[in-house]
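Beneath this line is the structure, given in structure tokens, with notes to follow.
The values are calculated or read from the model by the stated rules, or taken from the named source; none is laboratory data. Just so it is clear, the model here is predicted, and its values are computed rather than measured. Cβ placement follows ideal geometry from the backbone for every residue including glycine, while neighbour counts extend to all protein chains displayed.
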Amino acid sequence: MQSVTMSSPQIQGADNLGRAIILTLLTIGVFGVQDAVAKLLVQDHSPFQITMMRYWGFALFALVMVMRQAPLRRALQSNMPRRQVLRGVLLMVDIWCFAIALQSVPLGELQAIVIVYPLLVTVFAIPILGEKVGIFRFAAVGAGLLGALVILRPGGVALDWGVGFALASAATYALYIVLTRQVSRVDTAATSLAYGSLIGLLMSSAVGVFFWQPMEWADFGLVVLTMITTCIGHGLMVYALTMAPASVLQPFNYFSLPWAIILSIVVFEQWIDAVSLLGAGIIVAAGLVVMARERRKQVRVVLPPVPGEA
């Protein structure tokens, strides 16, 4: 029997993939802690003030990353400037909506609602990117939305303004992802990062200053913690994406749901009920099915045909 050995590039690729997965899981952990800390803060302070202060840290981090690749003036030279500005606006609205939803929606249920965004990306990609979606993917999207309705059923999550902002967060983030795909065809990642950070910095500061109120040193320390976790989380994410494609790492983002449930129980003593957990499971399963089919389609496009294969 002929033994099969893995070549050194294959070993290196496997090692990089393993590290990328670990970094992705660490990113999810860091962002989960950030959400829990933000939920603590928005109970006593305006979400707009907290978002503004957190964005100061993120914008500084993002602009440093951009200027390491190219001068800022060159990075702002876009082939689709209006779409880039719209991306920045959508991201900022998403963050505002999520922060407002944090005030009233338990962390586990909130994550279960917003995790529907990959399915919304499939829907929005049809008119914006001209993608063709077959009946199978439409069925998966329908199943995911059914899962969301299970969570929002009578007797489930209280249908208040917080749930509305959670759904708005999912929708605006999905639109942001679709536009990011569109502009990535003609602009560099540095350009997209520059526009996103600057637009967010301007918007969050222009609104946040009107909601400013003094805070205790302990709360200010928590704000600093959100800044730090934001920078660490994005840094880990960027590093992970240098080791593996986003399409490979995307399914692991669903681990944010069990992590949010754990944090909700440990930090806030808020449990997610079994039926809502079932609805979240339906959303995750539908999203994973869509991603798996998308991944197989990409592989068929990239790989050359096998000789003799019909």
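Only residues that are in contact (Cβ under 8 Å) with a residue 60 or more places away in the chain and either out of contact with any Phe, Trp or Tyr (no Cβ under 7 Å at 6 or more places or on another chain) or surrounded by 17 or more Cβ atoms within 10 Å (Cβ to Cβ) (or both): list them for region 208-223, please.
GLY208, VAL209, PHE210, TRP212, GLN213, MET215, ASP219, LEU222, VAL223
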(request) Mind telling me which of the residues SER276, SER264, SER256 ends up being within 30 Å of ALA189 (Cα to Cα) and of a type in the set (Ser, Thr, Tyr)? (result) SER256
(message) Please go through region 178-189 and give me each residue that is buried (at least 20 other Cβ atoms within 10 Å of the Cβ) and of a type outside the set (D, E, K, R), ordered by number.
(response) VAL178, LEU179, VAL183
(request) Identify all residues within region 55-82 that are outside any helix (DSSP H, G or I) and exposed (fewer than 14 other Cβ atoms within 10 Å of the Cβ); write none if there are none. (result) PRO71, GLN77, ASN79
(message) Please verify whether VAL121 is at pLDDT below 95, part of a helix (DSSP H, G or I) and in contact with a helix residue (DSSP H, G or I) (Cβ under 6 Å, 6 or more places away or on another chain), treating the condition exactly as stated.
(response) yes
(request) Could you please tell me which pairs satisfy a Cβ distance under 6 Å, a separation of 6+ or placement on different chains, a first residue in region 42-60 that is among the polar types (S, T, N, Q), and a second residue that is surrounded by fewer than 20 Cβ atoms within 10 Å (Cβ to Cβ) and in a helix (DSSP H, G or I)? (result) SER46/PHE211; GLN49/PHE211
(request) Could you list, in sequence order, all residues of region 93-115 that are touching a Gly at 6+ places or on another chain (Cβ under 6 Å) and either crowded, with 23+ Cβ neighbours inside 10 Å or aromatic (Phe, Trp, Tyr) (or both)? (result) ALA101, VAL105
(request) Could you figure out which of (1) under 22 Å from VAL266 (Cβ atoms); (2) at pLDDT 90 or above isn't true of LEU25? (result) (2)
(message) Here's a check for you: in region 1-22, which residue that is touching a helix residue (DSSP H, G or I) at 6+ places or on another chain (Cβ under 9 Å) and part of a helix (DSSP H, G or I) is modelled with the lowest pLDDT?
(response) LEU17
(message) Pairs needed: first member in region 189-204, under 16 Å from TRP56 (Cβ atoms); second member anywhere, hydroxyl-bearing (Ser, Thr, Tyr) and crowded, with 20+ Cβ neighbours inside 10 Å; C-beta distance under 7 Å; at least 6 residues apart or different chains.
(response) GLY200/TYR55; LEU201/TYR55; SER204/THR51; SER204/TYR55
(message) Based on this model, can you work out whether ALA170 counts as modelled with pLDDT of 90 or more, part of a helix (DSSP H, G or I) and among the aliphatic types (A, V, I, L, M)?
(response) yes
(request) With the checklist (1) at pLDDT 80 or above; (2) outside any helix (DSSP H, G or I) in hand, flag the one item LYS39 doesn't pass. (result) (2)
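Which residues, counting only those in region 83-92, are of a type in the set (Lys, Arg) and crowded, with 22+ Cβ neighbours inside 10 Å?
The answer is ARG87, and nothing else.
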(request) Hand me the list of helices (runs of 4 or more DSSP H) wholly inside region 176-257 holding 3 or more residues that are within 18 Å of THR27 (Cα to Cα). (result) 217-241, 246-249
(message) So GLY156 passes all but one of these: (1) at pLDDT below 85; (2) of a type outside the set (S, T, N, Q); (3) part of a helix (DSSP H, G or I). Which condition number does it fail?
(response) (3)
